[in-house]
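The values are calculated or read from the model by the stated rules, or taken from the named source; none is laboratory data. Because the structure is predicted, anything quoted here is derived from the model rather than measured. When we count neighbours, we look across all protein chains shown, and the Cβ atoms used for this are built from the backbone with ideal geometry, even at glycine. Note: accessible area is taken over every heavy atom of the protein model, side chains too, but ligands, DNA and RNA are not part of it. Shrake-Rupley method; radii C 1.70, N 1.55, O 1.52, S 1.80 Å.
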2 protein chains.
Amino acid sequence: MSDISREAVDRMTRLIGDPEKAECKVNRLRSLTIELDEAELESEAEIFRALADPCRLKILSLLREGELCACEIMVGVDRPQSSTSHHLSILRDAGLIKERKDGRWSRYRLAEGAVIEILNLVKILKDASVEG
Amino acid sequence: MSDISREAVDRMTRLIGDPEKAECKVNRLRSLTIELDEAELESEAEIFRALADPCRLKILSLLREGELCACEIMVGVDRPQSSTSHHLSILRDAGLIKERKDGRWSRYRLAEGAVIEILNLVKILKDASVEG
DNA sequence: CATCTATATCCATCTATTTCGATATATAAG
DNA sequence: CTTATATATCGAAATAGATGGATATAGATG
């Protein structure tokens, strides 16, 4: 049992009163997160990390137009070539965009699936939290 | 006109041939991102940054149970108090959770709206990209 | 007012990420 | 084989983020 766990039971006992119920509550709270797969959480976090950059959001927005090559994207986002390439690799590794090699060009497009829906939902969430 | 812009027109000219059409294409690509509001992109990125951490994803998962105080959340995620508090403030500032002061307790709950839907969509996206 | 306790903030350290020039790789073409 | 060009990768500096112990704040209670 970790130090935090020991402290946890103390805290819960103070909060609830009955030490037995307290330990029960600690166990219930713990079980909620212990069920979660760490690797799965990490790969979900990776997707959000990929989305957590204004330049990469710009790239995704550009790709709503359809497939573009790296060089066109570089123009669209107005960044140096190496930066653009780096951002593209992060989006690709996270599974948000797909790459297709075509001669000396790398052509990128949005991954099938939920990418656009996520972007739309975040817009909704943001607007709601600005109002509230 | 920035260095990148100048280089951009050169690149597009090589890509397309006709310099006039090239400049036109550069302008069209640029217009797609210039329309985007930098501040808006930044606040969307902030939401994604807040989601981009396994511990914070755990917290959101815990809060699907309903309102919890900081001390219960600390137990659930098994982290020191200062870390937990820090993560909570990031989620709060991003508008993903709401805080309610109740005596010496701070009680947190999921913000109304799209939080859960976003988490669900990311799960779908992740599963799709694992298959593909 | 003194004490207890839940939470927030401070601070220093560590680690991860961004940035972009320079360089490498790879494809096309002469 | 040489040159040109699209893209990726490297490397080093700058910035941002996480972590957790120590301390401050603030409400509750005696």
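Remarks
- Some residue of the stretch A:40-50 being in contact (Cβ under 8 Å) with a residue 24 or more places away in the chain, among the basic types (K, R), out of contact with any Phe, Trp or Tyr (no Cβ under 6 Å at 6 or more places or on another chain) and at the interface with another protein chain (Cβ under 7 Å from one of its Cβ atoms): yes
- Residue in the stretch A:17-30 that is facing chain B (nearest Cβ under 9 Å) and within 16 Å of DNA strand D (Cβ to nearest atom) present: no
- The stretch A:94-115, residues that are within 10 Å of another protein chain (Cβ to nearest Cβ) and more than 10 Å from DNA strand C (Cβ to nearest atom): A:A94, A:G95, A:L96, A:K98, A:A111, A:E112, A:G113, A:A114, A:V115
- With respect to being among the acidic types (D, E), open to solvent by 10 Å² or more (accessible area, probe 1.4 Å) and in contact with an Asp or Glu (Cβ under 9 Å, 6 or more places away or on another chain), A:E42 falls outside the description.
- In the stretch A:103-115, the residues that are more than 9 Å from DNA strand D (Cβ to nearest atom) and not in a helix (DSSP H, G or I): A:R109, A:L110, A:A111, A:E112, A:G113, A:A114
- When the test is whether a residue is surrounded by fewer than 14 Cβ atoms within 10 Å (Cβ to Cβ) and within 20 Å of A:R30 (Cα to Cα), B:S82 passes it.
- Looking across the stretch B:57-76, the residues that are among the charged types (D, E, K, R) and more than 8 Å from chain A (Cβ to nearest Cβ) come down to B:R64, B:E67.
- Among the residues of the stretch B:53-79, those that are within 12 Å of DNA strand D (Cβ to nearest atom), open to solvent by less than 40 Å² (accessible area, probe 1.4 Å) and of a type outside the set (A, V, I, L, M, F, W, C) comprise B:D53, B:P54, B:R56, B:K58.
- Among (1) closer than 21 Å to B:R30 by Cα; (2) surrounded by fewer than 19 Cβ atoms within 10 Å (Cβ to Cβ) - the single one A:E117 does not satisfy: (1)
- Extreme residue, surrounded by the most Cβ atoms within 10 Å (Cβ to Cβ), among residues of the stretch B:22-39 that are over 17 Å from B:D10 (Cβ atoms) and among the β-branched types (V, I, T): B:T33
- Elements of type helices (runs of 4 or more DSSP H) in the stretch B:1-102, at least 3 residues being modelled with pLDDT under 90 and more than 19 Å from A:R56 (Cα to Cα): B:3-16, B:19-34
- Tabulated pairs, the stretch A:82-96, first near DNA strand D (Cβ under 7 Å from one of its atoms), second of a type in the set (F, W, Y), C-beta under 9 angstrom, 6+ apart or interchain: A:L88/A:Y108
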